[in-house]
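Student: Please see the structure below; I have some questions.
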Amino acid sequence: MSHHKFRVGQLVNFLPARPGLPTSDAWGDWLGVLGGDGLPPTDPRALLVQVEFEGRVYGSTSASLVALGQTGVRYDFCPDPLGGTGWMEIPT
């Protein structure tokens with residue numbers, strides 16, 4: 001299991017905008033990175049979170065991926081990121 005550590009400079013220009021492809025094809029490994037790459041959502045390093053506070057559970061309720069490139073813009077949305085299903089490209 002590998003855990004990614006990124007700096008802002010490493011994230012910029014990493015992915016060209018590729019409209020029209022299924023989300024998993026357009027974003028490749030980014031879905032795994034967003035999903036924690038093996039980290040549970042309760043881990044403080046996770047991007048998608050689930051925490052208990054004063055007896056109540058809070059967590060990520062949606063997620064978006066946005067790519068800006070010379071060839072276009074790509075925007076994908078997921079209403080259930082902890083479940084990992086429901087990703088859809090939003091036309092721009």
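Student: Using Cβ counts within 10 Å as a stand-in for footprinting exposure, how do 53, 77 rank, fewest first?
Tutor: Ascending Cβ contact count within 10 Å gives the list 53, 77.
Student: Expressed as a rounded percentage, what relative contact order does region 36-92 have, with Cα pairs under 8 Å and six or more residues apart?
Tutor: 22 percent
Student: Which trypsin sites (Lys or Arg not before Pro) in region 22-92 sit in a loop by DSSP (not H, G, I, E or B) and have at most 12 other Cβ atoms within 10 Å of their own Cβ?
Tutor: 45
Student: May I pose another question? If I model a spin label as a point 7 Å beyond the Cα along the Cα-Cβ vector, how far apart are those points for residue 54 and residue 33 in nm?
Tutor: Label-label distance for residue 54 and residue 33, simple model: 3.6 nm.
Quick note: the coordinates plus some simple rules give every number you see, no bench work behind them. These figures come from a predicted structure and were not determined experimentally. All Cβ positions, glycine included, derive from the backbone under ideal geometry; neighbour counts span all protein chains shown.
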